[in-house]
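Only one structure is covered here, and it is reproduced in the block below.
All of the numbers you see were taken from the coordinates with simple rules; none came from a lab. All values reported here derive from a predicted model rather than from experimental measurement. Methodologically, a virtual Cβ is constructed for each residue, glycine included, from the backbone with ideal geometry; neighbour enumeration extends over all protein chains shown.
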Ligand SMILES: Nc1nc2c(ncn2[C@@H]2O[C@H](COP(=O)(O)OP(=O)(O)O)[C@@H](O)[C@H]2O)c(=O)[nH]1
Ligand SMILES: [Mg+2]
């Protein structure tokens, strides 16, 4: 016999269970029902009870302070910080991060892991427009080079307040107010706000456009030298005048800051800020299953109408950009297809595959290129559509992937291009530029790298060859 008291408890328990289950499903529906208005068909509602297990688990750590390394190659003052605020696309952000690390080293400050933002063309920003740093860089690797703290640790150590600003340009009070709101820190911008002034460095200097500085320790200290503990470095990007040297050879076992040349130090920073391991693993899988570990040529076609061509529609653009814009706006899929086929014929090795990477918005144009190439040669063209089909079958239950799939797709395509036999880049793109850094002779034999070229130059050469043939 069940007593009425036990019956009441049982009913209460069942009711609680129902309410909990409903709210769990509801919460997950929100999480998984990520609406993606792209050309590919994602599973509408990912089934979190799917039988297939996600092949790559535990990609993101809840707490990045676990990466606090007592013994990195370069030890820095753990009481003084520098927090960058990155901007524009992922590769601009990566360059901004690298420059901040360089400045941090020269100023002897610990890096604060910044926020990383999704690209403005990425429509997966319903939940948040930020993305985990672990999707952008291999944090394990970076921890081997320098010490860093999380934004939370920084807020705690600095009592939520910034006390020095290392400027890269002129900022107005409203800019600081926005930074303060996004970062949830105080940036005192004058007596009116908190009574304490966060000093702007370089002190008492104005600039028309950007503060630029050479990479020497003396110059950087002249710009930003201060004993203030909690420094903020908004919008770093190409302020540091340094030659980017590809990292090659085995990793350093030690770095002596007093003797390391500036370029070698920057090169080490490039080496230790690589794409994350899960991105490498997924691209390796694509290379083996779709490209059959065969030689393949890759093309980065960056010039999409929505984003890249935006700068062509501005008024008063510099002459070099106008020229590049004119060259791009003139092109038809046929020109690109011809360039690809000509390039493949110029290479001694047998190439059967071509990977075309491009912003998703350009997929119609890329599809036309694909059809022309495949109808006129032996080549099989692979694009993000093939990647998505593979991911839909293999990674359906990896919610970490689908939440940030556009961003991760772009990084995966970078790695695919980095590993190709020959890479055709788009000049004026940091995406292409960073792929070039990844194509070191450690990864691709030097004699292959000689064949790498720029798509606009290649198209011009092909046109010239055709004209010369007509004349002769
Ligand atoms: N999937 C994919 N996205 C790309 C590609 N090229 C550009 N994008 C998109 O455009 C953004 C490029 O921004 P950024 O990294 O700043 O490079 P940049 O604008 O070319 O200098 C990326 O974040 C992607 O959203 C590509 O080849 N594949
Ligand atoms: Mg960009």
Inverse mean reciprocal Cα-Cα distance (Kirkwood Rh) of segment 82-171, Å: 14.2 Å
Using a/c under 1.5 as the rounded threshold, could you call segment 226-372 rounded, prolate or oblate? The axes a ≥ b ≥ c are square roots of the C-alpha gyration tensor eigenvalues, and prolate needs a/b larger than b/c, oblate otherwise. oblate
Reciprocal mean inverse distance between Cα atoms of segment 407-456 - Kirkwood radius, Å: 11.0 Å
Hey, any idea what the orientation-averaged projected area of the convex hull of the chain's Cα atoms comes to, in nm²? 30.9 nm²
Please report, in cubic angstrom per residue, the volume enclosed by the convex hull of the alpha-carbon atoms of segment 108-222. 161 Å³
Report the Rg/Rh value for segment 339-439, based on alpha-carbon coordinates and the Kirkwood definition of Rh. 0.98
Counting only Cα, what are the radius of gyration and maximum Cα-Cα distance Dmax of segment 277-471, in Å? 16.9, 59
re segment 84-128: pairs of Cα atoms spaced beyond 16 Å account for a percent value of 42 percent
At q = 0.16 Å⁻¹, work out log10 I(q)/I(0) for segment 64-271 with the Debye formula, treating every Cα as an identical point scatterer and leaving solvent out; two decimals please. -1.11
Please tell me the relative contact order of segment 64-271 in percent, rounded to the nearest whole number, where contacts are Cα pairs under 8 Å and at least six residues apart. 28 percent
Spacing of the two label points (7 Å from each Cα toward its C-beta) at residue 321 and residue 463, in nm: 2.2 nm
Distance between modelled label sites at residue 140 and residue 347, nm, 7 Å Cα→Cβ extension: 3.0 nm
Restricting to the chain, compute how many DSSP beta bridges are antiparallel as a %, nearest 5. 10 percent
I need the per residue convex hull volume for segment 228-273, using only the alpha carbons, in cubic angstrom as a whole number. 132 Å³
